[in-house]
Amino acid sequence: MLHRGTFFTQHPVTIVDQCHWHVAQVTIDMLPDDALLEVFDLFLHQSECIDAWHPLVHVCQKWRNIVFGSPRRLNLHLHCTAKKPVREKLHVSPDFPLVIGQYDPLTCGVDSILAALGHKDRVCELVFRHISSSLWENALAAMQEPLPALTRLDLASDDKATPVVPDSFLEGSAPRLRSLYMARIPFPGIPRLLSYATDLVDLELYDIPQSGYFTPETMVSCLSKLTSLESLRLEFEFPRPRPRPRPIQERGHPPPQTRSALPALTYFSFRGVSEYLEDLVAGIDATFLDELKITFFHQLILDTPQLAQFISRTPNLKAHNEAQVTFLDDAVQFILGSMQQISIRTTCKAPDWQLSFVAQVCSSSLPIIPSLEHLYICEGINSRSRWQDDIENDQWLELLHPFTTVKNLYLSKGVVPRIALALQELVGQRLTEVLPALQGLLLEGPCSLGLVEEPDLSGPVLENVGKFVASRLLSSHPIAVSHWDRK
């Protein structure tokens, strides 16, 4: 018996392609059928091509019988695209599940796709990228009935005039659906579809248009049934509409509710306004979540107590010892964890707005991260320094204030002058008000600044650092200053 891990020095098809047919026939035909089946399974498993089984059935009758005799074991499918004459082949081909794919802008071939859609009991995957209006209108008309075998639905439109998907789409039923991807698809009735797709593993909704909006409460209700969900992406195209603001006395303290448990969720990505995210995470628990990506549309006031509580009850998200703040030309992001397990960012260009955003994120979320010891504050590698002289020192100190457990502070050369100027203001009773546990200050910059193993604190920038270091030394809170090679 041929076991997994043992294989020919060449794949079966490669042997035939090299015209070694006589040797291959004698050698391979000596194997029992179950060994050949194992070889075919390995070959097809390693291939990314849906049609990889086609050459196998044209080698000889024995191979053909083995392949067609084990369609489930080999996971055989028929691949239907606009460029293939599907209509004729579907009537003579084996009764395998259908994968319907349209991956490039479609100029012709709508009839072939519609013909494949006519075999509703066999369609297991449906991928429409660059959906044209003509294809979408015809496909929608053909998809008002269930596709009971459908496991993957992947729809992406480049047309801003894409028709709204009606509630009757698939009759709202997709019992075997495991992967759902939609980009720029106006489908306000998606909650109904999700209520039936209880085996869903991946849910990705990108650039949700206003015509496809659903409330956070509705999404929480849908998620409560998706106990197998592993990956969730919700990304809105516009910051509007915002949820209606709560009365002041209710902000940060929503009415008690039973949270929906998502025991399989490990990845969550969100883009939208903070009010929406607050209502969403207030209603869910994801104990095993280990990656959280958030992009907020720019807003001046950021208040996220529910996000902080969500992180606090998610063990993998709060067990990190380093954080990073990165200022880019058109965005700023706050990252927790060496593998970027938590990323919170916003798109804005004004440096003072970027600074304010990060300060609000840190003050909202950091109190429940007790293990932070390393903090990196950097400009993007290719970003240009554009800090304004009118940014107050207190704005920098406000950013640093929540980092009460940080022992090592790493500063890129673009932010060293600004933060050094702010730190030298910490004298007297304010000395340990910011970064009370700090032990090391690591500064990026050329050796000409004197930052070697025994740093020479001189020059206009380092003079401010020297004042801070000297004050901390006198207060019995010494700090070691060294050079940081960012590479």
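Taking the full set of protein chains and a 1.4 angstrom probe, give the accessible area of residue 202 in square angstrom, rounded to the nearest 10.
So the heavy atoms of residue 202 present about 50 Å² to solvent.
Rounded to the nearest whole Å², what accessible area per residue is found for the stretch 81-226 with the 1.4 Å probe?
Computed with neighbouring chains in place, this is 43 Å² per residue.
Among the aspartates and glutamates, select those whose C-alpha is under 18 Å from the C-alpha of residue 84, and discard any that sit fewer than 8 residues away in the same chain.
Here the aspartates and glutamates satisfying the reach criterion relative to residue 84 are 51, 95, 104, 111, 125.
If I model the stretch 69-209 as equal point scatterers sitting on the Cα atoms and use the Debye formula, what is log10 I(q)/I(0) at q = 0.10, 0.14, 0.15 Å⁻¹?
Evaluating at q = 0.10, 0.14, 0.15 Å⁻¹ gives log10 I(q)/I(0) of -0.31, -0.62, -0.72.
Sort the stretch 297-346 into rounded, prolate or oblate with this rule: let a ≥ b ≥ c be the square roots of the eigenvalues of the Cα gyration tensor; rounded if a/c is under 1.5, and if a/c is not under 1.5, prolate when a/b is larger than b/c, oblate otherwise. Mind dumping the intermediate values first?
On the way: a/c = 3.11, a/b = 1.26, b/c = 2.48.
Oblate is the answer for the stretch 297-346, as a/c is 1.5 or above yet b/c matches or exceeds a/b.
If you keep only loop residues by DSSP, which trypsin sites (Lys or Arg not before Pro) in the stretch 123-183 have at most 11 other Cβ atoms within 10 Å of their Cβ?
160
Sequence neighbours fewer than 8 away in the same chain don't count; with that in mind, list the lysines whose C-alpha is under 18 Å from residue 293.
Straight-line reach from residue 293, under 18 Å: 318.
The values are calculated or read from the model by the stated rules, or taken from the named source; none is laboratory data. Small disclaimer: the values here were computed from a predicted structure and weren't measured. Counting neighbours? That spans all protein chains shown, and the Cβs are built from the backbone with ideal geometry, glycine included. In case anyone asks, the SASA skips ligands and DNA or RNA and just uses the protein heavy atoms, side chains included. Shrake-Rupley method; radii C 1.70, N 1.55, O 1.52, S 1.80 Å.
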